[in-house]
Amino acid sequence: MCTVIVHVPEAPALGETPAPVRLLAVRDENPTRAWDPLGPWWPELPDVRGVRDRRAGGAWLAVDDAAGRLAVILNRADVLTADGESPAPLSRGRVVLDAVAGVELAGSPRTHGFNLVEATADGASVTMWDGRRIRRIGLAPGVHMIAHDDLDDPGTARIAAWRDAFAPPARSDGDWWTGWLDVLERTSAVGPVDDRAIVRDNRPFGYPTLSLLVCAAEIGADGVDVRYGEFAEPGAWSRPDLV
């Protein structure tokens, strides 16, 4: 039940340098499932850095520095069921690595449902797979938010409560993510088990996942800048130091 906030800038005026796409991603996962922090974990992909899932070897978030591409994946409910005859579902983490390598999704992925957010200096998109069909949406200029259902879904409590609070970062901001972390801190006042929570403890809802970490990324003409920070305690707000 991760959460991603994305700002897509307006098209630049004639002669103006385009503003970067900016993204803040909060990862929810079972804290007993080992992961590696942002780093170059894939020797076969020398230009790729990401947050690696040690069990399956894929990525939750990854960036290809040479190509200027970023991708991050969120789990979503799906209609895929085990029938005893179909092959076991593949890890969703490979979808992220394929995305930053420029490999387009084809056919029906052999995975459970996901929302895949992709960003380059030219914009951002979300690909939604529910086990039955794939939908891909290009993001219009503005601030967008996605969790376990559809993009900007008003039926998702945290999106309805907080999307408008994430104002577009000022174009000249250095540590632009500071304002969004301020908003994230304000959202934690509802507590980690409230439907509106972004920093979450999902165990009361039947999932063993808690919010573990935050990544902030800026994707622009000068490349990709990604920052990583963990919460001091899973499922509880503490201001992460993004480095």
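The values are calculated or read from the model by the stated rules, or taken from the named source; none is laboratory data. Given the structure is predicted, the values throughout are model-derived calculations rather than measurements. Counting neighbours? That spans all protein chains shown, and the Cβs are built from the backbone with ideal geometry, glycine included.
Conditions tested, residue by residue: (1) over 25 Å from P240 (Cβ atoms); (2) aromatic (F, W, Y); (3) over 18 Å from the mean Cα position of the chain (by Cα).
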residue: G15; (1), (2), (3): yes, no, yes
residue: A19; (1), (2), (3): no, no, yes
residue: E29; (1), (2), (3): no, no, no
residue: P37; (1), (2), (3): no, no, no
residue: D65; (1), (2), (3): no, no, no
residue: A71; (1), (2), (3): no, no, no
residue: L90; (1), (2), (3): yes, no, yes
Pairs with Cβ under 6 Å, 6+ apart, first in region 209-238 and touching a residue at least 60 places away in the same chain (Cβ under 8 Å) and under 13 Å from R27 (Cβ atoms), second among the basic types (K, R) and surrounded by 19 or more Cβ atoms within 10 Å (Cβ to Cβ): S211/R200; L212/R27; L213/R27
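Results for (1) of a type in the set (K, R); (2) surrounded by fewer than 22 Cβ atoms within 10 Å (Cβ to Cβ); (3) not in a strand (DSSP E or B), shown as yes or no for each residue.
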residue	(1), (2), (3)
A13	no, yes, yes
A19	no, no, yes
L24	no, no, no
R27	yes, no, no
P31	no, yes, yes
P46	no, yes, yes
G50	no, no, no
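How about region 202-241: which of its residues are among the aromatic types (F, W, Y), at pLDDT 95 or above and either in a loop (DSSP other than H, G, I, E, B) or under 17 Å from R158 (Cβ atoms) (or both)? Walk me through it before giving the result.
We begin by selecting, within region 202-241, every residue among the aromatic types (F, W, Y); these are 205, 207, 228, 231, 237.
Adding the requirement that they be at pLDDT 95 or above leaves 228, 231, 237.
Across region 202-241, the qualifying residues are F231, W237.
Within region 109-120, identify whether any single residue is closer than 19 Å to A11 by Cα and either assigned to a loop (DSSP other than H, G, I, E, B) or out of contact with any helix residue (DSSP H, G or I) (no Cβ under 8 Å at 6 or more places or on another chain) (or both), and answer yes or no.
yes
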Hits in region 99-117 - residues which are closer than 11 Å to D64 by Cβ and crowded, with 19+ Cβ neighbours inside 10 Å: A99, V100
Test: residue in region 70-82 that is surrounded by 13 or more Cβ atoms within 10 Å (Cβ to Cβ), of a type in the set (S, T, Y), under 30 Å from V193 (Cα atoms) and out of contact with any strand residue (DSSP E or B) (no Cβ under 6 Å at 6 or more places or on another chain): no
Output for region 126-172, where each listed residue is in a strand (DSSP E or B) and either surrounded by fewer than 17 Cβ atoms within 10 Å (Cβ to Cβ) or in contact with a His (Cβ under 7 Å, 6 or more places away or on another chain) (or both): I134, R135, R136, I137, G138, G142, V143
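May I ask you to say which residue of E44, E29 is free of Cβ contacts under 8 Å to residues at least 12 places away in the same chain and not basic (K, R)? Don't jump to the end; show me each part of the working.
Working: E29 fails: free of Cβ contacts under 8 Å to residues at least 12 places away in the same chain.
Answer to the selection: E44.
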Selected residue (criterion: farthest from V6 (Cα to Cα)) from residues of region 161-189 that are free of Cβ contacts under 8 Å to residues at least 24 places away in the same chain and aliphatic (A, V, I, L, M): A189
Test: G57 is part of a strand (DSSP E or B), of a type in the set (G, A, S), modelled with pLDDT of 95 or more and more than 18 Å from G123 (Cβ to Cβ): no
Answer from V183, V199 - the residue that is part of a helix (DSSP H, G or I) and either among the hydrophobic types (A, V, I, L, M, F, W, C) or buried (at least 21 other Cβ atoms within 10 Å of the Cβ) (or both): V183
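Among residues belonging to region 216-229 that are charged (D, E, K, R) and surrounded by fewer than 17 Cβ atoms within 10 Å (Cβ to Cβ), point out the one that is farthest from the chain's Cα centre (by Cα).
Applying the first criterion (charged (D, E, K, R)) to region 216-229 yields 218, 222, 225, 227.
With surrounded by fewer than 17 Cβ atoms within 10 Å (Cβ to Cβ) added as a condition, the list becomes 222, 225.
Working: D222: 21, D225: 15 Å.
My answer is D222.
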